[in-house]
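Enquirer: Sharing a structure below in structure tokens format, with a few things to ask.
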Amino acid sequence: MLSIGGQDLFVLEFGDILHYFSPYTLTLFLLAVLFTGLAIISRPEEQIEIAFGGDAYYAKETTLPEMRFRRFMAIACGLASIGAMVSGDLFNYTLFTSMVGITNVGIVAAVKNRHVLNAAYAYGIVAMIATLPLFGSAALIVATTGTLSIPALAAGGQAVPLVGKALLVLGVVGEGMAPFYAAKAEMFRAPGAPYVIMCSLSSLLIFLRVVEIVTTI
Amino acid sequence: MIEYLVCAAAFGLLLLGIHRKVIARIQMRPGPPVWQEILHALKFSFKSTWVPRTASATLFVGIVLVAIAIWSAALFVVLAGESILILIGIYMLHKIVEHGFGLSSGSPYGKFGGVRSVISAASEIPLFVTITAIYFFTGSLLLRDIVAYQAVHGPLLLIVPPAAIAMYLVILSKLPFGPFSIVESKEIVSGYKTEHFGVWRAALAVTDGLKTFVLLYAFVLIFLGALPFWLILALMTAVLVSLSFVCAITPVLSPYDSVTVQSIITGLMLAYIGYLWWVVP
């Protein structure tokens, strides 16, 4: 399959499920692996904050249980991103994408701070609503074409409805938009750069992959 | 392979030096010598290097290596004529790298730089609808196909000028001292770069050089096609000087204004894509 990401390098088969590696998907896959590795081996930083109304400053520390949970969520988020980058099945891609949304909520929601928890709540609602167009797109595409295999759809035998592609993009925007939505509260108030970075990275990766998918199928 | 990296980084740093010199001359200042950025990179290589006590040490160091790795990959993508979608992916991932640089130190200045990087991504990324305009005409996003298309039909600069303007603005967004340089503007010291000193800063300078070279080289190839190498270098310099003029006469916008202006441009580009979709058979 010649996609806009370049000629396929190789295809990894799990039964009837395909994972294909083009120069584009391989690049995204390697970056997801790299940042997941960084989330595993890095410890959180201590954010320096200026005390309001004075010239004192203090360092915020992350407790061990919080660090463990956020690291677990960051690793899960990384694994979901890895799956989404190379999946050759549209339904699997939507599953991985929704998992990215859930784990992103987890990374944020573990912080015991009112502002951050408010952001996580709003964040969770956006991600939850976005699953409707996300899975709806997969349902619509399988109903009209009879397949969810990206290589089969890319072969051009069946016309993928434009509304199916639009819903897919909308769903991914919803799942991926959540970190932008929560960015301010989360990043300003909560330490934990190796985990926060997974929120941004996973969202960006699913955006980049959906561009390739909708232009290929 | 390594010689390509060294030459590209050195030429990119020279371009950044020219950028500073042109800005200074327009502002009636003598400015630094054009090789100042190369000297900076060398100087930082021999300065003392440390990791702040508050930093996430692994991420603090690892992100520097990631920055070099992604722009080295971008250089080879362009040289190999591979998909410009990969180049765009790398450009976007640079936002994550800036974010990582900023947050990993624990410094409030770095943190603000990192957050601004993510916020500005929301407006900068959609500028890449420019590739849709290119795809309408070339039917491919492989750089070698785009170059081949221009050999037959003429430069894309004349066929899709709005796309060239959008890409020009994308490059402008990444240049220092520009109107959209909110991630490293002076009110937050050096933004995401603030705490990276010594060898880390030297590596960051090399990354900046590579990034400048890759973006300008890709711009010339995508919109003007295959030309003699010396002419490509000359055109890259000319594009950069034009960008320097823009940077010299415009202030750094506030983060809100920066995102608003970029979003308006993105809206105009989307309208143009809609127009193309309507009229191109």
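The values are calculated or read from the model by the stated rules, or taken from the named source; none is laboratory data. Here the structure is a predicted model, which is why all the values come from computation and not from measurement. In this analysis, Cβ positions are derived from the backbone assuming ideal geometry, glycine residues included, and neighbour counts consider all displayed protein chains. Remember, those area values only see protein heavy atoms, side chains included, never the ligands or the DNA or RNA. Shrake-Rupley method; radii C 1.70, N 1.55, O 1.52, S 1.80 Å.
Enquirer: Take the residues in the range B:116-132 that are modelled with pLDDT of 75 or more and open to solvent by 10 Å² or more (accessible area, probe 1.4 Å); name whichever of them is nearest to residue B:167 (Cα to Cα).
Expert: So the residue we want is B:131.
Enquirer: May I pose another question? Got a number for residues in the range A:42-67 being farther than 18 Å from residue B:110 by Cβ, at pLDDT 75 or above and assigned to a loop (DSSP other than H, G, I, E, B)?
Expert: Going through the range A:42-67 one residue at a time, the tally reaches 1.
Enquirer: Still on this structure: Every residue in the range A:139-148 that is touching a residue at least 24 places away in the same chain (Cβ under 8 Å) and either surrounded by 17 or more Cβ atoms within 10 Å (Cβ to Cβ) or not hydrophobic (A, V, I, L, M, F, W, C) (or both), please. Working first, answer last.
Expert: The first filter runs over the range A:139-148 and keeps only residues touching a residue at least 24 places away in the same chain (Cβ under 8 Å), leaving A:140-142, A:148.
The answer is A:140, A:141, A:148.
Enquirer: Here's something else I'd like to know. Spot the failing condition for residue A:183; the list is (1) within 12 Å of chain B (Cβ to nearest Cβ); (2) modelled with pLDDT of 80 or more; (3) open to solvent by less than 10 Å² (accessible area, probe 1.4 Å), and only one is missed.
Expert: Of everything listed in (1) within 12 Å of chain B (Cβ to nearest Cβ); (2) modelled with pLDDT of 80 or more; (3) open to solvent by less than 10 Å² (accessible area, probe 1.4 Å), residue A:183 misses just condition (2).
Enquirer: Under 6 Å between Cβ atoms, which residue pairs at least 6 apart in sequence (or on different chains) link something in the range A:118-132 that is farther than 15 Å from residue A:107 by Cα with a partner that is part of a helix (DSSP H, G or I)?
Expert: As it stands, the answer is A:126/A:174; A:126/A:178; A:126/A:181; A:130/A:171; A:130/A:174; A:130/A:175; A:131/A:98, since those pairs meet every condition given.
Enquirer: Going by the structure shown, is residue A:136 open to solvent by less than 60 Å² (accessible area, probe 1.4 Å), free of Cβ contacts under 8 Å to residues at least 40 places away in the same chain and over 24 Å from residue A:99 (Cβ atoms)? Even if it seems obvious, please write down each step before you answer.
Expert: On the way: open to solvent by less than 60 Å² (accessible area, probe 1.4 Å): yes; free of Cβ contacts under 8 Å to residues at least 40 places away in the same chain: yes; over 24 Å from residue A:99 (Cβ atoms): no.
When the stated conditions are applied, residue A:136 does not pass them.
Enquirer: Moving on to the next point. Of the residues that sit in the range B:34-56 and are open to solvent by 50 Å² or more (accessible area, probe 1.4 Å) and part of a loop (DSSP other than H, G, I, E, B), which one is farthest from the other protein chains (Cβ to nearest Cβ)?
Expert: Per the criteria, the residue is B:35.
Enquirer: So which of A:116, A:111 is farther than 30 Å from residue A:27 by Cβ and not in a helix (DSSP H, G or I)?
Expert: Working: A:116 fails: not in a helix (DSSP H, G or I).
One residue alone meets the criteria, A:111.
Enquirer: Does any residue in the range B:92-108 that is at positive phi come within less than 6 Å, Cβ to Cβ, of a residue that is open to solvent by less than 10 Å² (accessible area, probe 1.4 Å) and of a type in the set (Asp, Glu) six or more places away or on a different chain, and which pairs are these?
Expert: B:106/A:45
Enquirer: All but one of (1) farther than 30 Å from residue A:43 by Cβ; (2) among the hydrophobic types (A, V, I, L, M, F, W, C); (3) assigned to a helix (DSSP H, G or I) hold for residue B:177; which doesn't?
Expert: Residue B:177 satisfies every listed condition except (3).
Enquirer: Step by step: first the residues of the range A:91-108, then only those that are open to solvent by 30 Å² or more (accessible area, probe 1.4 Å) and of a type in the set (Phe, Trp, Tyr), then the one that is nearest to residue A:26 (Cα to Cα). Which residue is that?
Expert: Taking the candidates together, the pick is A:96.
Enquirer: So, in the range B:57-92, exactly how many residues are farther than 19 Å from residue B:205 by Cβ and either open to solvent by less than 10 Å² (accessible area, probe 1.4 Å) or more than 7 Å from every other protein chain (Cβ to nearest Cβ) (or both)? Talk me through it step by step, then tell me what you get.
Expert: Residues of the range B:57-92 that are farther than 19 Å from residue B:205 by Cβ, as a first pass: B:57-59, B:76-89, B:92.
Next, from what is left, pick out any that are either open to solvent by less than 10 Å² (accessible area, probe 1.4 Å) or more than 7 Å from every other protein chain (Cβ to nearest Cβ) (or both): B:57, B:59, B:76-81, B:83-89.
Going through the range B:57-92 one residue at a time, the tally reaches 15.
Enquirer: For the range A:74-90, indicate whether the set of residues that are open to solvent by 40 Å² or more (accessible area, probe 1.4 Å) and within 23 Å of residue A:124 (Cα to Cα) is non-empty. Working first, answer last.
Expert: We begin by selecting, within the range A:74-90, every residue open to solvent by 40 Å² or more (accessible area, probe 1.4 Å); these are A:75, A:79.
Narrowing further to those that are within 23 Å of residue A:124 (Cα to Cα): A:75, A:79.
Among the residues of the range A:74-90, at least one is open to solvent by 40 Å² or more (accessible area, probe 1.4 Å) and within 23 Å of residue A:124 (Cα to Cα), which makes the answer yes.
Enquirer: Among the residues of the range B:23-32, write down those that are open to solvent by 50 Å² or more (accessible area, probe 1.4 Å) and at negative phi.
Expert: Looking only at the range B:23-32, we keep the residues that are open to solvent by 50 Å² or more (accessible area, probe 1.4 Å), and these are B:25-30.
Those that are open to solvent by 50 Å² or more (accessible area, probe 1.4 Å) and at negative phi: B:25, B:26, B:27, B:29, B:30.
Enquirer: Now for a different question. Which residues, counting only those in the range B:194-207, are at pLDDT below 90 and either open to solvent by 20 Å² or more (accessible area, probe 1.4 Å) or polar (S, T, N, Q) (or both)?
Expert: Scanning the range B:194-207 gives B:194, B:195, B:197, B:199, B:200, B:201.
Enquirer: Further, regarding this structure: May I ask you to list the residues in the range A:39-68 that are of a type in the set (Gly, Ala, Ser) and more than 9 Å from every other protein chain (Cβ to nearest Cβ)?
Expert: So the first thing to find is which residues in the range A:39-68 are of a type in the set (Gly, Ala, Ser), and the list is A:39, A:42, A:51, A:53-54, A:56, A:59.
Correct list: A:51, A:53, A:54, A:56.
Enquirer: Out of the residues in the range A:7-38 that are within 11 Å of another protein chain (Cβ to nearest Cβ) and surrounded by fewer than 20 Cβ atoms within 10 Å (Cβ to Cβ), which is modelled with the lowest pLDDT?
Expert: Once the filter is applied, the top-ranked residue is A:7.
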